[in-house]
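*Asks:* Structure provided below as structure tokens; questions to follow.
The values are calculated or read from the model by the stated rules, or taken from the named source; none is laboratory data. Fair warning: this is a prediction, and the values are worked out from it, not measured in the lab. Backbone-built Cβ (ideal geometry, glycine too); neighbour counts: all protein chains shown.
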Amino acid sequence: MEVLLLAVAMAMDAFTVCLVVASSGQTQGPGPAFRLSFHFGLFQFIMPVLGWLAGAEVERLIRNYDHWIAFALLAIVGLRMIKSALGREDDLQRSDPSRGWMLVILSVAVSIDALAVGFTLGLLGISVWYPAILIGIVTGGLALVGLRIGRGLGARLGKPFEVIGGLVLIGIGVRILLDHLIAL
């Protein structure tokens, strides 16, 4: 039960990002939904394994700035969404967040804390494989749910919701940043 709760907690950022991305109308159809949910789940699986394997060395190297990385990545995506929503319709060159570097950026941003989870599991002498698999599956599933709900919200609320979505992504980045800075 504890591992399931951990998996749900780890998946909430991915759920929220999918909610926001889908509301923007940039991810239509099963292809983008599959790519986002698969990659978010994959990264949420890989990051704890990397943290567990790398141990103290990697965690020691990135602990002082991992929160800044997550904040910067989410702020960049959020600002792009806001700019896109506020731009004129003929000026918009929307990038598909389910492809290329945008997909990688979002995947890393929502899963960077999973690296610390893997490291912690290693310190506790707990095998990482079951938690990592469960975290990946739960994240993929909740990402699909976020995409489904987001599509409905975006269709009803349109561009104002895209601005709100960009602000939400920036807010998630700020929360990650503050969680780490206050914990120091």
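*Asks:* Does region 125-141 contain at least one residue that is touching a Pro at 6+ places or on another chain (Cβ under 6 Å), in a helix (DSSP H, G or I), of a type outside the set (Lys, Arg) and within 18 Å of Pro48 (Cβ to Cβ)? Outline the logic, then answer.
*Replies:* Within region 125-141, the first condition is being touching a Pro at 6+ places or on another chain (Cβ under 6 Å), and the residues that meet it are 128, 132.
Narrowing the set further to residues that are in a helix (DSSP H, G or I) leaves 132.
Okay, now just the ones that are also of a type outside the set (Lys, Arg), so 132.
Those still in the list that are within 18 Å of Pro48 (Cβ to Cβ) too: 132.
Yes, some residue in region 125-141 is touching a Pro at 6+ places or on another chain (Cβ under 6 Å), in a helix (DSSP H, G or I), of a type outside the set (Lys, Arg) and within 18 Å of Pro48 (Cβ to Cβ).
*Asks:* Here is a follow-up. Kindly indicate whether Val110 is at pLDDT below 90 and surrounded by 15 or more Cβ atoms within 10 Å (Cβ to Cβ). Reasoning before the result, please.
*Replies:* Numbers: at pLDDT below 90: yes; surrounded by 15 or more Cβ atoms within 10 Å (Cβ to Cβ): yes.
Yes: the conditions hold for Val110.
*Asks:* Continuing with this model, one more query. Contact list please: Cβ distance under 6 Å, first residue in region 98-117 and part of a helix (DSSP H, G or I), second residue modelled with pLDDT under 80, pairs at least six apart or on different chains.
*Replies:* Met102/Ser95; Ile105/Leu73; Ala109/Ala70; Ala109/Leu73; Ala109/Leu74; Ile112/Asp66; Ile112/Ala70
*Asks:* Which of the numbered conditions does Arg99 fail, given that it passes all the others? Conditions: (1) within 28 Å of Leu181 (Cβ to Cβ); (2) modelled with pLDDT of 80 or more.
*Replies:* Here Arg99 meets the rest and fails (1).
*Asks:* Name every residue in region 51-66 that is modelled with pLDDT of 80 or more and either among the β-branched types (Val, Ile, Thr) or surrounded by 19 or more Cβ atoms within 10 Å (Cβ to Cβ) (or both), in order of residue number.
*Replies:* Answer for region 51-66, where residues must be modelled with pLDDT of 80 or more and either among the β-branched types (Val, Ile, Thr) or surrounded by 19 or more Cβ atoms within 10 Å (Cβ to Cβ) (or both): Gly51, Trp52.
Results for (1) within 13 Å of the chain's Cα centre (by Cα); (2) part of a helix (DSSP H, G or I); (3) within 22 Å of Arg148 (Cβ to Cβ), shown as yes or no for each residue.
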residue: Thr27; (1), (2), (3): no, no, yes
residue: Phe38; (1), (2), (3): yes, yes, yes
residue: Leu50; (1), (2), (3): no, yes, no
residue: Ile69; (1), (2), (3): yes, yes, no
